[in-house]
Amino acid sequence: MRGLAICVVLLCACLSGQEKPLIREEQTVVVDGVSEVWRLEWRKPPQPACPPVEDSLTCPCNGFAYGEGGDLYLVRVRRGTEYDRLHLTPLFENPEQAVLQRWPTDDKDLGAASSPGFAEEVAKRPIVKVMQLADYDHDGRATEFLLTVENLACGHQQRVLIGLSRQNPRLHAFGTVLHPDKPLEMRKGMWEALRNAKSPVTVLDVSCGDHGSDGEGELQLRFTPRGIDVKQRNYACIPDGKRGRLLSESPL
């Protein structure tokens, strides 16, 4: 019995020494008439990522400056009790570190980023709201938001859609009908076109000459009862830089 008591004391000491998650953002969300609290939680205090310095105003930090990185979760709370959680970190380009923009950049920053006190001035800006909830899947509920997870090139920040659907009422990253468990990555404008469309919509993925591309690609998107239906079409580019013949078409 004495040994058991010692184990219990040691266990309590270990638990009390654990760091509590740090809430980055929380919002009240109504799901089918029930109010919930959704929280973005860092497992441990995050570290600076693309911080307020001049180097963070280059293409690799687009969409992430001025940010912070660490291990990130999305948690749903109902009536004060955790109801659901999703580990967000594996969705990012570096699957061991999620990065969220904390303070916005400004067009004037390029000339001011190297000046003394710049970081302190940036820290006075409003914190960026990550969970911009909307009804992306057209099910009548604003229970989805976009999360920036990768930067392919300047102006090409990849985002995934996080939230709930009628088919999957648990927190998840949205995939396609063909690959429901593989998160679909698209740019913000492409997701917004799908959100606003009442019928299948076609969006340009890569244009002729974009970052040296010798082809052009587009996606046809639509939400269906089974999820997001995606068809990819690839075209050749003719010498004047315009779209040529169709090379391939396939579902994603």
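The values are calculated or read from the model by the stated rules, or taken from the named source; none is laboratory data. Values in this document were obtained by computation on a predicted structure and should not be read as measured data. Counting neighbours? That spans all protein chains shown, and the Cβs are built from the backbone with ideal geometry, glycine included.
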- Note on the structure: Of those in the stretch 150-173 that are farther than 21 Å from residue 27 by Cα and among the aliphatic types (A, V, I, L, M), the residue modelled with the lowest pLDDT is 153
- Query: For the stretch 127-174, what are the residues that are in a loop (DSSP other than H, G, I, E, B), in contact with a Phe, Trp or Tyr (Cβ under 8 Å, 6 or more places away or on another chain), under 28 Å from residue 33 (Cα atoms) and of a type in the set (Val, Ile, Thr)?
  - Reply: 128, 130
- Task: Determine whether residue 218 is surrounded by 20 or more Cβ atoms within 10 Å (Cβ to Cβ) and modelled with pLDDT of 95 or more.
- Result: no
- Query: Quick check, is residue 227 at pLDDT 95 or above and closer than 17 Å to residue 134 by Cα?
  - Reply: no
- Output for the stretch 34-74, where each listed residue is touching a Leu at 6+ places or on another chain (Cβ under 6 Å), more than 16 Å from residue 131 (Cβ to Cβ) and touching a residue at least 60 places away in the same chain (Cβ under 8 Å): none
- Query: Under 9 Å by Cβ, and 6 or more places apart or on different chains, what pairs join a residue from the stretch 228-252 that is under 22 Å from residue 160 (Cβ atoms) and touching a residue at least 24 places away in the same chain (Cβ under 8 Å) with one that is exposed (fewer than 11 other Cβ atoms within 10 Å of the Cβ) and among the hydroxyl-bearing types (Ser, Thr, Tyr)?
  - Reply: 232/248; 232/250
- Which ranges mark the strands (runs of 3 or more DSSP E) fully within the stretch 41-84 that have 3 or more residues being within 30 Å of residue 113 (Cβ to Cβ) and modelled with pLDDT of 95 or more? 47-49, 67-70
